[in-house]
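Q: Quick one: structure below, then a few questions.
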Amino acid sequence: GYFPPHRVFPVGRLDKDTSGLILITSDGRLPNSVLRGQAKQPKTYQVKVDKKLRLDDLDHLRNGVVITTYAQRDKQKKMLTAPTLPSIVQQTGINSLEITIFEGRNRQIRKMLEALGYTVVMLHRVEFMKIALKPLEKEGDWVELNLEEMRMIDELIA
């Protein structure tokens, strides 16, 4: 494991049934810079569902799907039922797709697909903030960002 000499902050999160890319930083400004308000960054996922995808359902995903999520702030839980923002969707197999979302509502992709009658059987984040998941040997492995990725991060914080 990695034991940093200073506090680290996750930039976003993944639910327990989702795998893939998560950024960790020692700069507490980064999560606030990229997760709040209009600064939210795109997140791309590979998704596998329990049955064949229908073309009209892919269009629904692209245009927005009405889902209900809960926002929790200051120990207050607030229900939000609203359409999701438009997404970029590409079918990659008979029952698989790649989707890029531009907001981060709780369990958003699972709820979008559930609203269309599907069950997500695999959800894997492959890109966040235009930083792609690099090949790793096993779950839990990590790599440092390269100079280009660090420059992009610096611009977001500035």
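Q: Any idea how many residues of the range 125-140 are surrounded by 10 or more Cβ atoms within 10 Å (Cβ to Cβ) and at negative phi?
A: Within the range 125-140, the first condition is being surrounded by 10 or more Cβ atoms within 10 Å (Cβ to Cβ), and the residues that meet it are 125-134, 136.
Pick out the ones that are also at negative phi and you get 125-128, 131-134, 136.
Residues meeting the conditions: 9.
Q: Might you let me know whether the range 107-119 holds any residue that is at pLDDT 95 or above, in a strand (DSSP E or B) and of a type in the set (Val, Ile, Thr)?
A: Among the residues of the range 107-119, not one is at pLDDT 95 or above, in a strand (DSSP E or B) and of a type in the set (Val, Ile, Thr), which makes the answer no.
Q: Just to be sure before I move on: is residue 58 more than 19 Å from residue 18 (Cβ to Cβ) and surrounded by 14 or more Cβ atoms within 10 Å (Cβ to Cβ) in the structure I sent? Give the steps one after another, and end with the answer.
A: Details: more than 19 Å from residue 18 (Cβ to Cβ): yes; surrounded by 14 or more Cβ atoms within 10 Å (Cβ to Cβ): yes.
Criteria met by residue 58.
Q: Identify, please: which residue in the range 15-34 is open to solvent by less than 50 Å² (accessible area, probe 1.4 Å) and either in a strand (DSSP E or B) or aliphatic (A, V, I, L, M) (or both) and is, among those, modelled with the lowest pLDDT? It would help to see each step written out before you state the result.
A: From the range 15-34, those open to solvent by less than 50 Å² (accessible area, probe 1.4 Å) are 15, 18-21, 23, 25, 27-28, 30-31, 33-34; that's our starting set.
Filter once more, keeping what is either in a strand (DSSP E or B) or aliphatic (A, V, I, L, M) (or both): 19-21, 23, 25, 30, 34.
Working: 19: 93, 20: 93, 21: 91, 23: 87, 25: 85, 30: 82, 34: 70.
Filtering the range 15-34 for residues that are open to solvent by less than 50 Å² (accessible area, probe 1.4 Å) and either in a strand (DSSP E or B) or aliphatic (A, V, I, L, M) (or both), the one modelled with the lowest pLDDT comes out as 34.
Q: So, in the range 71-97, how many residues would count as being out of contact with any helix residue (DSSP H, G or I) (no Cβ under 8 Å at 6 or more places or on another chain), assigned to a loop (DSSP other than H, G, I, E, B) and either charged (D, E, K, R) or open to solvent by less than 100 Å² (accessible area, probe 1.4 Å) (or both)?
A: 4
Q: For the range 144-158, give me the residue count where each residue is part of a loop (DSSP other than H, G, I, E, B) and surrounded by 10 or more Cβ atoms within 10 Å (Cβ to Cβ). Let's see the steps before the verdict.
A: Going through the range 144-158, the residues part of a loop (DSSP other than H, G, I, E, B) turn out to be 144-146, 158.
Now narrow it down to the ones that are surrounded by 10 or more Cβ atoms within 10 Å (Cβ to Cβ): 145-146.
Counting residues in the range 144-158 that are part of a loop (DSSP other than H, G, I, E, B) and surrounded by 10 or more Cβ atoms within 10 Å (Cβ to Cβ) gives 2.
Q: If you don't mind, another one. Taking the condition of being in contact (Cβ under 8 Å) with a residue 24 or more places away in the chain and open to solvent by 20 Å² or more (accessible area, probe 1.4 Å), how many residues in the range 61-70 meet it? Lay out the reasoning, then the answer.
A: Here is the first cut: in the range 61-70, the ones in contact (Cβ under 8 Å) with a residue 24 or more places away in the chain are 61-62, 65-70.
Remaining after also requiring open to solvent by 20 Å² or more (accessible area, probe 1.4 Å): 62, 66, 68, 70.
Result for the range 61-70: 4.
The values are calculated or read from the model by the stated rules, or taken from the named source; none is laboratory data. Note that the structure is a prediction, hence the values are computed from the model and not measured. Cβ: placed from backbone, ideal geometry, glycine included. Neighbour counts: every protein chain shown. Side chains are part of the model used for accessible areas, which takes the heavy atoms of the whole protein and leaves out ligands, DNA and RNA. Shrake-Rupley method; radii C 1.70, N 1.55, O 1.52, S 1.80 Å.
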